[in-house]
Amino acid sequence: MKFQGKAWRFGDDIDTDAIIPARYLNTSDPAELALHCMEDADPQFSSKVSKGDIIVAGKNFGSGSSREHAPLAIKTSGVSCVIASSFARIFYRNAFNIGLLILESPDAAVNIRQGDLVEVDTDQGVIKNLTSSKDYKFIPVPPFMQQIIAAGGLINYLKLRKEH
Amino acid sequence: MSMTITEKILAAHAQKEKVSPGELINVRIDLALGNDITAPLAIQEFEKIGMSGVFDPERVVLVPDHFVPNKDIKSAEQAKMLREFASRQKLTNYFEAGRMGIEHCLLPEEGLVGPGDVVIGADSHTCTYGALGAFSTGVGSTDLAAAMASGEIWLKVPESIKLIYNGDLPRWVSGKDLILLAIGDLGVDGAAYQALEFTGPVINRLSMDSRFTAANMAIEAGAKNGIFPPDEITNEYVEGRSKRPYTFYSSDPDARYKGTREYDVSGMEPLVAFPHLPEKVHPVSQAGHIKIDQVVIGSCTNGRLEDLRLAAGLIRGKKVHPEVRLIVIPGTQKIYLQSLREGLIEDFVEAGAVFSTPTCGPCLGGHMGILAKGERCLATTNRNFVGRMGDRESEVYLCNPAVAAASAIAGYIVGPKEVIK
């Protein structure tokens, strides 16, 4: 899998309340959640983000609550992947389970600037910053986890496997 | 062959002699839990799998507690999904408003979780049950759906950090302060993916309610689970209450830990966590003159009887500061009723406080005490993130129930000593 997108930078410890505040959790409709994606970190994010864009953040991204609405809001807002120095545990599982690609790369997280054009190659495990012409490595996502992402999440992946 | 208590419980549920940190294992779960925010998504995913029934209708627990009694039409629709699923699946442990409680206060009280259990819940504070010597951790809705179907979950065996609390617990210092001390020391991701094991002479004497509080906030250091070795105090709590057989596990003396942190709590003061991270802790006497608009006493962290007794004891015969709103929320219906019988509710109401039905409510900015722009709240809850209790320009400070009660009287953040002198 290979794709490009524009970077949106966030800081350390971006918690799930910042990603999708609980005042919107009276629904689990992904389209409605996406309208409020990252609202308490950047109130205008959902109107600025374009399909394929990439979120770049510091350590402990997705800390706090177990709400799967958080990765769901990010994915439905059109974001292609999240690159961070590190991810909180529950968010990490949830992201793959709902089919949002997330990549751990402290190097990329520190060096990519707001608005940089970034290319991700999941097979090679390389993040290319096309704006600054710098490459960053990440541990390649194992094939079965890439298949979970491609299927749109764990349940769809399991269903596909059952059918074949 | 030495193992920690966490490793022993996981090994037993994976039908293995031994497990080691880093190992990926599939474990049998004793209980799966969902609430009115996370269960609707889990039910949708469960139905996609195409299984006719849950793995065991007695071991899937649904508690509508976050927005209940329903705050609006949308949340009513979500709660209705739980009610209908519970009825369709013949779940024996669905708790309706009026018979419910905040999930992490309710499940131990009902004897649904016990020592040696493996419990997963689609709520990050599921780690609370570690207070009973169980392995208990939070997951998302999809993991809950898969667990409801299979009765199993895959997990990575965590490394453990041993916390040793020495000394004598000073008056007005409780479980909340012990966990805030560790979070301040480790940082909000200092225990990421790891188990926090609470030990030491202070822990051996710590009340059950304070243990629940401390285990509850293990997640605020990023931990996968928090765990207390079960002892006489645990036994007293679970005996006659637990609905299933239970097992006491303990760590081997030569068990391996990733790290050890030792704290002397003698002379310690109650702590306050400043916005916007639970790691930003300060002794209450060094808080400075911070004026507050609202105080919340309650939540899955501090909504138990010990907490309400402490707070009521300080409030009794006094008045809430004219510029402060005090909202008190008991954790369960039983705690509510006992508060009524002991006269605690009268103490709060006479003082000019709100006394609510059990709900997570304001803790997560749901309802029952949302903050306006620029407002400041002191709360016994667990998170003080940006916008957690309302407007993104509001602030939440975290503390124990005694500090909360004292500050509600004073109108600014202050220790109990300042109010009773």
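The values are calculated or read from the model by the stated rules, or taken from the named source; none is laboratory data. The structure displayed is predicted, hence computed values, not measured ones. Cβ sites come from the backbone with ideal geometry, for glycine too, and all protein chains shown count toward neighbours. Side chains included, ligands, DNA and RNA excluded: accessible areas come from the protein's heavy atoms. Shrake-Rupley method; radii C 1.70, N 1.55, O 1.52, S 1.80 Å.
For beta carbons closer than 9 Å, sequence separation of 6+ or different chains, a first residue in the stretch A:60-71 that is closer than 14 Å to B:Ala122 by Cβ and a second that is of a type in the set (S, T, N, Q) and open to solvent by 10 Å² or more (accessible area, probe 1.4 Å), the qualifying pairs are A:Glu68/A:Ser28; A:Glu68/A:Asn97; A:His69/A:Thr27; A:His69/A:Ser28; A:Pro71/A:Asn97.
For B:Gly187, the criteria (1) more than 26 Å from B:Gly111 (Cα to Cα); (2) within 14 Å of another protein chain (Cβ to nearest Cβ); (3) crowded, with 24+ Cβ neighbours inside 10 Å hold in every case but one, which is (3). Taking (1) open to solvent by 10 Å² or more (accessible area, probe 1.4 Å); (2) at negative phi in turn, B:Tyr193 satisfies each apart from (2). Pairs are defined by a Cβ separation below 9 Å, a sequence spacing of at least 6 or placement on different chains, a first member in the stretch B:36-57 that is more than 10 Å from every other protein chain (Cβ to nearest Cβ) and free of Cβ contacts under 8 Å to residues at least 60 places away in the same chain, and a second member that is open to solvent by 50 Å² or more (accessible area, probe 1.4 Å) and not β-branched (Val, Ile, Thr); the pairs so defined are B:Gly53/B:Lys90; B:Pro57/B:Lys90. For the structure I just gave you, tell me whether A:Asp42 is part of a loop (DSSP other than H, G, I, E, B) and surrounded by fewer than 19 Cβ atoms within 10 Å (Cβ to Cβ). Here the answer is yes, as A:Asp42 does meet what is asked.
Yes or no: the stretch B:201-219 includes at least one residue that is under 18 Å from the mean Cα position of the chain (by Cα), assigned by TED's automatic domain parsing to the domain that holds B:His125 and aromatic (Phe, Trp, Tyr).
Yes - at least one qualifying residue is present in the stretch B:201-219.
May I ask you to list the residues in the stretch A:57-76 that are more than 8 Å from chain B (Cβ to nearest Cβ) and more than 11 Å from A:Ile98 (Cβ to Cβ)? Those that are more than 8 Å from chain B (Cβ to nearest Cβ) and more than 11 Å from A:Ile98 (Cβ to Cβ): A:Ala57, A:Gly58, A:Phe61, A:Gly62.
In the list B:Ile73, B:Ile37, which residue meets the criterion of being within 21 Å of the chain's Cα centre (by Cα) and among the hydrophobic types (A, V, I, L, M, F, W, C)?
Numbers: B:Ile73 fails: within 21 Å of the chain's Cα centre (by Cα).
Sole residue among the options that is within 21 Å of the chain's Cα centre (by Cα) and among the hydrophobic types (A, V, I, L, M, F, W, C): B:Ile37.
Among all residues of the stretch B:123-132, there is none that is within 14 Å of chain A (Cβ to nearest Cβ), over 23 Å from B:Ile335 (Cβ atoms) and buried (at least 24 other Cβ atoms within 10 Å of the Cβ). Scanning the stretch B:220-243 for residues that are out of contact with any Lys or Arg (no Cβ under 9 Å at 6 or more places or on another chain) and either part of a strand (DSSP E or B) or β-branched (Val, Ile, Thr) (or both) yields a count of 4. Of the residues making up the stretch B:259-280, those that are open to solvent by 40 Å² or more (accessible area, probe 1.4 Å) and either touching a helix residue (DSSP H, G or I) at 6+ places or on another chain (Cβ under 6 Å) or under 15 Å from B:Thr199 (Cα atoms) (or both) are B:Thr260, B:Arg261, B:Glu262, B:Asp264, B:Glu269, B:Glu279.
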